[in-house]
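Participant: Got a structure for you, written out below as structure tokens; questions coming shortly.
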Protein chains: 2
Amino acid sequence: MAIKVHGHPLSPPTRRVLLTLAEKGIDYEFVPVDLTTGEHKKEPFISMNPFGQVPVYEDGDFKLFESRAVTKYIASAYADKGIPLLVEDPKKLAIIGVWLEVEAHRFDAAGNKLSFEILIKPFLGLTTDEALVEQSEAQLAAVLDVYEKRLSEFKYLGGDDYSLVDLHHIPIINNLMKTKVKALFDERPKVSAWAADLLARPAWKKVVAGLEA
Amino acid sequence: MAIKVHGHPLSPPTRRVLLTLAEKGIDYEFVPVDLTTGEHKKEPFISMNPFGQVPVYEDGDFKLFESRAVTKYIASAYADKGIPLLVEDPKKLAIIGVWLEVEAHRFDAAGNKLSFEILIKPFLGLTTDEALVEQSEAQLAAVLDVYEKRLSEFKYLGGDDYSLVDLHHIPIINNLMKTKVKALFDERPKVSAWAADLLARPAWKKVVAGLEA
């Protein structure tokens with residue numbers, strides 16, 4: 001198998017890359033990185049990503065890091081394979097681009113903090129920062145208000161079709177649905193239906209089943 | 001003039017978009033948004049960007065927000081005009097994509113905080129958070145260490161040529177050079193030369209001159 005993804009099974013960015021490959025029907029080898037021993041901060045990993053974070057994408061001599069750069073590459077390089085995740089029309093692609101930035105800078109900024117504070121920290125024996133949780137919940141609620149309006153106009157955030165924008169949200173939504181933050185989704189009917197639709201995608205179920213096997 | 005950019009003359013994201021248009025040699029009309037009266041949080045602005053932030057790009061009925069989505073659109077849609085800012089080769093484009101993410105998530109996360117705390121807050125009569133400055137300086141130093149190594153291998157972050165990656169850094173570098181954070185650049189010869197090269201670009205000088213006129 002040519003393509004390797006070096007990552008951690010519970011890392012949302014790792015899962016984002018694996019899900020993109022799964023939607024495209026591309027075979028890959030998952031190479032677990034042991035974060036508990038700091039494997040990601042040492043050679044040979046640090047030569048693949050100088051910032052020492054998972055995931056890293058490896059296809060022979062070609063190596064990439066930053067999960068959203070990896071998914072964009074896969075979506076473009078394998079445009080004709082599996083589910084289309086981007087579009088060719090420059091203006092429609094630009095609209096997808098806007099919402100890709102919204103995910104990265106607004107949704108993830110709040111959602112990833114909540115996932116870490118509420119779900120990951122207790123698992124690691126660390127104490128949840130309740131003030132940060134409250135602040136991040138307010139930020140996420142404001143983002144989801146905009147999403148509710150957007151999803152009343154279009155079926156998906158980027159337009160009428162599922163795209164890389166929606167995909168990028170899935171790993172964090174999956175985590176948040178296991179916490180009290182689920183209420184912020186439940187209160188918004190369009191957001192709630194969109195989240196349920198995303199989590200039901202066969203490619204996502206396949207990725208999770210593969211990691212938990 | 002068809003293209004309008006709604007923004008604030010001192011906003012780094014606004015300047016990022018204007019610089020992209022200037023590099024492409026595309027005429028635009030700059031429409032100042034009065035942030036002091038909250039014009040960006042009210043109609044009609046809020047209909048163009050539901051998150052109420054500058055800039056907004058307007059070309060007739062076609063409107064975009066999120067500065068990095070706008071610059072990517074301009075770079076692609078006007079690929080053959082002015083200076084090339086992206087490349088066609090999918091693998092080279094993916095490498096540029098990696099460093100675009102690094103700018104957005106690592107450089108800007110620290111650099112924008114420093115610019116705001118040291119330069120903007122005193123201007124607004126607010127008190128600089130010295131602990132946050134210290135923390136952000138450490139973060140920025142770690143990013144610049146990686147840049148120093150990268151720039152010893154390639155002339156620019158994305159490869160041998162100036163690209164959208166380098167461009168995205170310019171407005172924040174311009175601000176940081178007016179502060180004590182300049183020392184973090186001066187200590188690193190490759191980073192220092194790269195920053196000087198970027199700030200000397202005719203398109204940047206033209207944008208700044210236009211805003212300060």
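Participant: How far apart, in nm, are two points set 7 Å out from the Cα along the Cα-to-Cβ line at A:Glu212 and at B:Leu124?
Facilitator: Between A:Glu212 and B:Leu124, the simple spin-label model gives 4.4 nm.
Participant: Taking beta carbons within 10 Å but only from partner chains, what does the mean come to for residues B:120-128? Write out the running numbers ahead of the final one.
Facilitator: Details: counts 0, 0, 0, 0, 0, 0, 0, 0, 0.
That average works out to 0.
Participant: Quick one: Debye curve from the alpha-carbon atoms of segment B:1-151 only, equal weights, vacuum; give me log10 I(q)/I(0) at q = 0.10, 0.15 Å⁻¹ to two decimals.
Facilitator: The calculated log intensity ratios at q = 0.10, 0.15 Å⁻¹ are -0.44, -0.94.
Participant: What is the calculated FRET efficiency for A:Leu132 to B:Gln135, with r their C-beta to C-beta distance and R₀ = 22 Å, to the nearest 0.05? Walk me through the intermediate numbers first.
Facilitator: Working: r = 15 Å, r/R0 = 0.69.
It comes to 0.90.
Participant: Then there is this: Calculate the mean, over all residues of peptide A:140-149, of how many other protein chain Cβ atoms lie within 10 angstrom of the residue's Cβ. Please list the in-between numbers first.
Facilitator: On the way: counts 0, 0, 2, 2, 0, 1, 4, 1, 0, 1.
For this peptide, the per-residue mean of nearby foreign Cβ atoms is 1.
Participant: Further question on the same structure: Please compute the contact order of chain A in relative form: average sequence separation of alpha-carbon pairs under 8 Å and at least six residues apart, divided by the residue count, as a percent. List each step's numbers first, then the result.
Facilitator: Values: 266 pairs, mean separation 45.5, N = 213.
Value for chain A: 21 percent.
Participant: Compute the label-point distances linking A:Lys205 to its equivalents in the other copies; points lie 7 Å from Cα along Cα→Cβ; give nm, one decimal, shortest first.
Facilitator: 6.2
Participant: If you put a point 7 Å past Cα along the Cβ direction, how far is that point for B:Ile120 from the same point in each other copy, in nm, smallest first?
Facilitator: Here B:Ile120 shows inter-copy label distances of 2.7 nm.
Participant: Give me the dipole magnitude in Debye, nearest 20, for segment B:42-128 about the Cα centre, with unit charges on the beta carbon: positive for Lys and Arg, negative for Asp and Glu.
Facilitator: Numbers: 10 positive and 12 negative charges, 58 e Å.
Computed about the Cα centre, the dipole is about 280 debye.
Participant: Something else about it: Express in whole angstrom the spacing between the alpha-carbon centres of segment B:190-213 and segment A:23-60.
Facilitator: Value for the Cα centre distance between the two parts: 37 Å.
Participant: Still on this structure, please answer the following. Which Cα, out of A:Gly25, A:Ala104, A:Thr36, lies furthest along the positive dipole direction of segment A:21-109 (beta carbon charges, K/R +1, D/E -1)?
Facilitator: Among A:Gly25, A:Ala104, A:Thr36, the one farthest towards the positive end of the dipole of segment A:21-109 is A:Ala104.
Participant: Here's another thing I want to ask about it. Could you work out how much longer the chain between B:Ala77 and B:Ile26 gets when fully extended? Use 0.36 nm per residue separation minus the Cα distance between them, nm to one decimal. Numbers along the way, then the final one.
Facilitator: Numbers: separation 51, 0.36 × 51 = 18.36 nm, distance 1.16 nm.
The B:Ala77-B:Ile26 span can extend by a further 17.2 nm.
Participant: Please find, among residues of chain B, the one with the beta carbon closest to the rotation axis relating it to chain A, distance in whole Å.
Facilitator: It is B:Ala104, 3, counting Cβ atoms only.
Participant: How high is the FRET efficiency between B:Asp160 and A:Phe62 when r is their beta carbon distance and R₀ equals 30 Å, given to the nearest 0.05?
Facilitator: Numbers: r = 17 Å, r/R0 = 0.58.
About 0.95, to the nearest 0.05.
Participant: Per the helix-only calculation at 222 nm, which mean residue ellipticity applies to the protein assembly as shown, given -39500 (n - 2.57) for every DSSP H run of n ≥ 4 and division by its residues, nearest 500 deg cm²/dmol? Mind dumping the intermediate values first?
Facilitator: Values: 21 runs with 226 residues, N = 426.
Helix-only estimate at 222 nm: -16000 deg cm²/dmol.
Participant: Let me ask something else about it. Tell me which lysines have Cα within less than 21 Å of A:Lys42's Cα, excluding those fewer than 8 residues away on the same chain?
Facilitator: Here the lysines satisfying the reach criterion relative to A:Lys42 are A:Lys4, A:Lys63, B:Lys149.
Participant: When DSSP beta bridges are limited to those with both residues in chain B, what percentage is antiparallel, rounded to the nearest 5?
Facilitator: Working: 9 of 13 bridges.
Around 70 percent antiparallel, to the nearest 5.
Participant: What does the C-alpha gyration tensor say about the overall shape of the protein assembly as shown? Classify as rounded when a/c is under 1.5, otherwise prolate if a/b is larger than b/c, or oblate.
Facilitator: Rounded is the answer for the protein assembly as shown, as its axis ratio a/c remains below 1.5.
Participant: Assume the label is 7 Å from Cα along Cα to beta carbon: what separations in nm does B:Asp186 have to the matching positions in the other copies?
Facilitator: 5.8
Just so you know, all these numbers are worked out from the coordinates, no wet-lab data involved. All of these numbers come straight from a predicted model, not from anything done at the bench. Here the Cβ is made from the backbone with ideal geometry for all residues, glycine too, and neighbour counts use every protein chain on show.
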